[in-house]
Amino acid sequence: MTPGTLVAQITDYANRANPYPLYAELRKQPVRREDDGTYLVSTYYEVRGLANDPRLSNDTSNRPSGTARPGQPDPETGLPPSFIFTDPLVHDGLRDTINRPFGPPHSPRFLDGLRGELAKVVTELLDAFEGKDQVDIVEDFSYPLPVTAICKVRGVPREDEPRFHVWADALASSIDPQAGDDGREKAQRARQDMGAYLTGLIETKRRHPGPGMLSALAPTMTPADLEATAVLLLVAGHETTVNAITNTTLTLLRHPDVLERFQKDPDLAVPLIEEVLRYEPPVQFVPWTTALADIDVAGTTIPEGSPVWLMLAAANRDPRRFKDPDRFDPDRRDNEHLGFYTGIHYCFGAPLARIELHVAVPELFRRVRFSGLLEDSPPYRANAVLRGPRHLPVAIEGFTA
C-alpha cells in the first residue's frame, strides 16, 4: 500500500462499513504525508497532542488554496463561520457565551431538565414499534430523537421539526471531503433556507422570549453569529447522535453476550456507551486543521501551511493506548477515548449527546427484544467523517408495552 492511496481508500464508500484495517495500516506510520501534501496523524498520543497544540489551526481561512474550506463565510447567506472553525481568542469568547444557557455556573440544570421531555419522545417512538415484526432503527428511532432534542434546546416549535430533518442531511454532507459540487450546493441551499427561517424565529424570540437557546442568547449575540451557531448545533448535535445511537444498537446486536448482561444490569449503560464511543466513534476524523508553523511529531516535521487530518477513530484503536483495542469491552478501564475529540474544540454537544444516549439506549433494549439484524453489514451513509449506518433493519421477537 503506497502512502498516496490511503486518503482515497479511507474516503471510498466501498470501505465505509469497515475502515479499521485501513486505520491499522495508517498507524504503522504515526504521521503520514499524502501525495497532495496532506498529513494524516493516526496514533493516540500524537492526535491528542496536536489537538491541544496552539500551532494547529481550526480556522480554515489558513488552509492552502485548492483544499476544502468548510468553515468559510457563506457569501450567499452572509453568515460567519461556526465557532468550531475559529481559533482563540475568537473561539473562546463565542464558546463561553454559547455555553451559558447550557450548564454551570449559569444554567446548571438546563440539560438535565430535558431528560423528562426526551423520555416522553423515546416512549412515543417505541410505542410505535408495537405489533411490528421489524423496524429500521435509524428511520424509526435514532434519526427522529436527536432533531427533537436540538429543536427543544433552541426553542423551535414542534411543528417545524420536520424541516430540520431535511436540512440536517444536506448540511452534514458539507464537511465530507468527498462531498463534491452537488453536495456543497445542497448544503448551501439548506443553509440559506435554514438561515431565513432562523432570522424570523430569532426576531420573534427577541420580542417574546421563551425557553431555549435562541431566547437566552438573542440579547448577547449578533443575529449572524447566533444563526451560525444554530446551524452548527443541527449538524453537530443531530448527525453525531444519530450515529452514536445507531452504532450502539448495531454493536450490541453483534455482541449478544454483552447485550444479555446489559439487559440484566442497566447500570452497565455508562461504561458500555463510553466503549462504543471509542470502538465505533460517530466522528471518524477531523479533516480541516492547518499547521501554523513547522511542527515536529513522532520524528516527522509537518511544514507550516500543511493541511492536517486528525484520525480520531484510528487513535481510538491504538494498541499503545488501549489493550486489545479491536475488542469491544465495556469493562475497559481508563477509557479516555477521543470519541468527542479533545482540547478547546471538545464536542460542545457531548453532554446533550450523552443524556440522549442514556435515555434512549436502555429503554430501547428494555422494551424491545430483537431476534437479530436483517442486514449485516447494513448500508452506510456516504459521509466518511460522520460515519454511521443509513438504515439498520432489525427483526423484533418481543415487545413490552
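The values are calculated or read from the model by the stated rules, or taken from the named source; none is laboratory data. Here the structure is a predicted model, which is why all the values come from computation and not from measurement. Counting neighbours? That spans all protein chains shown, and the Cβs are built from the backbone with ideal geometry, glycine included. For accessibility, only protein heavy atoms count, side chains too; no ligands or nucleic acids. Shrake-Rupley method; radii C 1.70, N 1.55, O 1.52, S 1.80 Å.
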(request) Pick out the one residue from A244, A218, A224, A179 that is under 30 Å from L364 (Cβ atoms) and not aromatic (F, W, Y). (result) A244
(request) Return the total of residues in segment 20-35 being open to solvent by 20 Å² or more (accessible area, probe 1.4 Å), farther than 15 Å from A315 by Cβ and in contact with a strand residue (DSSP E or B) (Cβ under 8 Å, 6 or more places away or on another chain). (result) 1
(request) Restrict the check to segment 286-294 and report whether at least one residue is of a type in the set (F, W, Y) and at pLDDT 95 or above. (result) no
(message) Show me the helices (runs of 4 or more DSSP H) entirely contained within segment 36-141 in which 2 or more residues are open to solvent by less than 40 Å² (accessible area, probe 1.4 Å) and at pLDDT 95 or above.
(response) 44-51, 115-127
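For (1) crowded, with 21+ Cβ neighbours inside 10 Å; (2) more than 16 Å from V135 (Cβ to Cβ); (3) of a type in the set (V, I, T), each residue gets a yes or a no:
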| residue | (1), (2), (3) |
| --- | --- |
| T301 | no, yes, yes |
| W309 | yes, yes, no |
| A313 | yes, yes, no |
| D329 | no, yes, no |
| L364 | yes, no, no |
| G388 | yes, yes, no |
| I396 | no, no, yes |
| A401 | no, no, no |
(message) Residue under question is S215, and the condition is that it be surrounded by fewer than 21 Cβ atoms within 10 Å (Cβ to Cβ), touching a helix residue (DSSP H, G or I) at 6+ places or on another chain (Cβ under 6 Å) and of a type in the set (S, T, Y); does it hold?
(response) yes
